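A.B. asks: First the structure, which I've put down as structure tokens, then a few questions once you've had a look.
Computed from the coordinates by the stated procedures, all read-outs in this text should not be read as laboratory data. It should be emphasised that the depicted structure is a prediction, and the values quoted were computed from it without experimental measurement. Don't worry about glycine lacking a Cβ; one is built from the backbone with ideal geometry, like all the others, and counts go over all protein chains shown.
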Amino acid sequence: MELKEFQLDASCTEDVVWDNLLDGRPGDVCRKLWNLMVLHIGDNGNKSLPDQVEVPANRYCLKPERPGIANL
């Protein structure tokens with residue numbers, strides 16, 4: 001399963017085209033998973049959609065390794 005290139009043009013969840021988020025996963029499942037995630041991000045769940053998206057992106061997206069630092 002691959003996340004399609006993501007550009008946030010939506011300002012609220014109603015503007016999101018849920019069917020186009022993940023290959024092989026129906027839009028209704030993506031929406032349900034998003035709703036569950038919002039329940040678990042604490043006070044950030046009250047923020048705007050772009051701010052909500054930033055929370056898991058910052059927590060779970062891999063950051064590029066810095067040159068010269070050994071992997072521990």
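A.B. asks: Near residue 26, within a Cβ-to-Cβ distance under 10 Å, what is the net charge of the other residues, with Lys and Arg +1 and Asp and Glu -1?
C.D. replies: Neighbour charge sum, excluding residue 26 itself: +1.
A.B. asks: Binning every alpha carbon pair distance of region 13-54 at 5 Å from zero, what are the percents per bin?
C.D. replies: Values per bin, smallest distances first: 5, 24, 29, 23, 15, 3, 0.
A.B. asks: Between residue 17 and residue 43, how high is the FRET efficiency from 1/(1 + (r/R0)^6) when r is the Cβ-Cβ distance and R₀ = 25 Å? Nearest 0.05.
C.D. replies: 0.35
A.B. asks: Stretched out fully, how many nm does the piece from residue 29 to residue 60 gain, at 0.36 nm a residue minus the Cα gap?
C.D. replies: 9.2 nm
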